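Working notes for the structure below.
The values are calculated or read from the model by the stated rules, or taken from the named source; none is laboratory data. Please read all numbers here as calculations on a predicted model, not as lab measurements. Don't worry about glycine lacking a Cβ; one is built from the backbone with ideal geometry, like all the others, and counts go over all protein chains shown.
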C-alpha cells in the first residue's frame with residue numbers, strides 16, 4: 001500500500017513540475033538596461049531567471065563596474081545588451097570577469113533599422129541608439145531576443161514564441177489606445193525640441209520629427225553660445241514644446257523657457273527605477289500619454305487662436 | 001712665479017668643450033615623438049575610415065538612414081519590423097501570408113490607418129501572392145495618396161519550400177526585401193526577380209542596422 005502511495009506521489013510530482021525544470025537548470029539571463037529586463041521576463045516567463053547586470057539606481061551613461069557586477073556576471077549563461085550605446089559597461093564587466101567569448105551575448109539591435117538624431121545644430125546625421133524608447137523598434141528587438149533564446153533553450157522555445165506574440169500584441173494595443181486619441185486631429189504642424197536625441201524613435205511612431213535638440217551630445221551641457229543658437233533656432237522655427245527628461249531638472253531648460261515662453265513637458269528615458277516585468281509598459285505608456293497630451297494641447301491652442 | 005716655476009707649468013691648462021645643458025636635444029626628441037604619434041594616429045584613422053566606406057551600395061540600392069525622407073524612413077522602419085512578424089506567422093503558423101486587413105486590425109504599422117499613416121503619405125496597401133515552384137512569394141505594395149510626401153514601397157516576402165518538405169527549408173536568399181520607387185503608381189514587372197525590379201525603376205532599400213553600427217564602432221562582426 002505504501003509503495004503504491006509513494007509511486008502515486010512521484011507520478012503526481014512529475015505531472016505538476018514545469019517542463020523546463022525537467023530538462024535541467026533554468027537559464028540565467030543577464031540584462032544591462034531596464035527595458036531589456038521587461039522584454040526578457042515577458043518572453044521567458046518563469047522558464048528562466050533574469051538577472052540585471054548592475055543594481056538599481058545607477059545611471060548607465062557613466063557607470064563604472066563594481067566588484068559585485070563582475071561576480072554576478074560569472075554566474076550568467078547568456079547576456080542581452082543594447083550594444084549600440086548606453087551599456088558599454090557590459091563589455092568591461094565581461095572582460096573583468098573573464099567571460100568574454102565564454103557566454104553568448106545577444107545584440108538586441110543587430111537587426112533594427114537605425115535612424116539619425118534629428119534637429120542637431122550642425123545638421124550632421126548621427127546614429128540614434130535610443131531604440132528602446134519606442135514601441136515598434138522595441139518589438140523588433142523583442143523578436144530578436146526571443147529568436148536567440150529559442151535557439152539557446154530549445155526545450156522552452158514554443159513557450160518563448162507564444163509569450164513573445166502575446167507581449168508584442170499587448171504593446172501594440174497599448175500604443176493604439178493613444179494613437180486613437182489623436183486620430184481625429186487634423187494634420188498638425190507640431191514643432192518640438194528635445195533635451196537630447198533620445199526620443200526620435202518615439203516621435204517617429206506618430207509620424208513626427210524633432211525640430212531641435214538642445215544638448216550638443218548625449219549628456220553634454222550646451223555652452224553659452226550653443227544655448228544662444230538653440231534659443232534662436234527655437235524662435236525662428238516656431239517650436240512650441242520642449243520635452244525634457246523626467247526627474248532631471250536643468251537650469252538651461254528654465255533659461256530657454258524664460259527666453260522663448262515655450263512650454264516644457266516631460267518624457268522618460270526608461271533607464272531608471274526598479275527592474276520589473278511591467279516597467280517598460282509603464283514608462284512607455286507615460287511617454288505616449290505625455291506626447292498625446294502635448295499634441296492635443298497644441299491643437300486646442302491653435303483652435304483658440306483661430307477663433 | 002712660484003719658486004721659479006710658472007703657474008701654467010705646475011697646472012697645465014686643459015681645454016674641454018662642454019655642451020650647454022639647455023635641453024636642446026630633448027626638445028628635438030619630443031618633437032620627433034609628437035610627429036611619430038600624429039603619423040600613427042592619422043594612419044589608424046585612415047584605416048578605420050576605410051572600413052566604414054567598405055559598406056558601399058550598388059547603384060540600384062538606397063540607404064534608409066541617409067537617402068530616405070523622414071516620413072519615408074518612418075514607413076520603412078515600420079515595414080521592416082512588420083516583415084519579421086509576417087515571416088514569423090508564415091513559418092510558425094499554417095503557412096499563410098498575413099492579409100493587409102488582418103494587420104490593419106491588429107494595429108500593425110504601416111498598414112494601420114493611424115496618425116503616423118496620415119502624416120507619412122497615406123499609403124494604400126495591397127497583397128499579391130505568387131506561388132512559383134519551390135519558392136513561395138508574397139508582395140505587399142504600398143502606393144501613396146500624397147505623392148509630395150512619399151514614394152511607393154514594395155515588400156517582397158519569400159520562402160523556400162525546398163523538396164516540398166515544409167516551410168523552413170534553408171535558402172540563400174533573404175526572407176524579405178524592401179524596394180522603393182519615387183513614383184506614386186510604379187510599374188510592376190511580370191516577374192519579381194531583382195533584375196526585373198531594377199529594370200522597372202525600383203531601388204532596394206538597405207537599412208543601417210545595429211550590426212553595421214557595431215562593426216563600424218567596435219570592429220565586431222555580429223552573427
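Overview of results
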| quantity | calculated |
| --- | --- |
| Filtered residues of segment A:22-32 (kept if in contact with a helix residue (DSSP H, G or I) (Cβ under 9 Å, 6 or more places away or on another chain) and at pLDDT below 95) | A:22, A:23, A:24, A:26 |
| Residues being out of contact with any helix residue (DSSP H, G or I) (no Cβ under 7 Å at 6 or more places or on another chain) and modelled with pLDDT of 90 or more - total across segment A:241-256 | 1 |
| Residue within segment A:98-116 that is within 14 Å of the chain's Cα centre (by Cα) and modelled with pLDDT under 95 present | no |
| Within segment B:173-223, tally of residues that are closer than 24 Å to residue B:72 by Cβ, within 14 Å of another protein chain (Cβ to nearest Cβ) and surrounded by 14 or more Cβ atoms within 10 Å (Cβ to Cβ) | 16 |
| Residues within segment A:161-219 that are at the interface with chain B (Cβ under 9 Å from one of its Cβ atoms), free of Cβ contacts under 8 Å to residues at least 24 places away in the same chain and closer than 30 Å to residue A:48 by Cα, tallied | 4 |
| Segment A:55-81 - residue that is at pLDDT below 95 and under 17 Å from residue A:35 (Cβ atoms) and, of those, surrounded by the fewest Cβ atoms within 10 Å (Cβ to Cβ) | A:57 |
| Per-region count, segment A:199-243, residues in a helix (DSSP H, G or I) and surrounded by fewer than 19 Cβ atoms within 10 Å (Cβ to Cβ) | 11 |
| Filter result for residue B:34 (more than 12 Å from chain A (Cβ to nearest Cβ), at pLDDT 90 or above and more than 30 Å from residue A:204 (Cβ to Cβ)) | yes |
| Extreme residue, farthest from the other protein chains (Cβ to nearest Cβ), among residues of segment A:115-127 that are touching a helix residue (DSSP H, G or I) at 6+ places or on another chain (Cβ under 7 Å) and surrounded by fewer than 24 Cβ atoms within 10 Å (Cβ to Cβ) | A:121 |
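Residue by residue, here is whether (1) on the phi > 0 side of the Ramachandran plot; (2) touching a residue at least 40 places away in the same chain (Cβ under 8 Å); (3) outside any loop (DSSP other than H, G, I, E, B) holds:
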{"site": "B:108", "(1), (2), (3)": "no, no, no"}
{"site": "B:113", "(1), (2), (3)": "no, no, no"}
{"site": "B:122", "(1), (2), (3)": "yes, no, no"}
{"site": "B:147", "(1), (2), (3)": "no, no, no"}
{"site": "B:150", "(1), (2), (3)": "no, yes, no"}
{"site": "B:155", "(1), (2), (3)": "no, yes, yes"}
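Matching residues to (1) over 30 Å from residue A:186 (Cβ atoms); (2) within 12 Å of chain A (Cβ to nearest Cβ); (3) part of a helix (DSSP H, G or I):
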| position | (1), (2), (3) |
| --- | --- |
| B:66 | yes, yes, yes |
| B:77 | no, yes, yes |
| B:83 | yes, yes, yes |
| B:89 | yes, yes, yes |
| B:96 | yes, no, no |
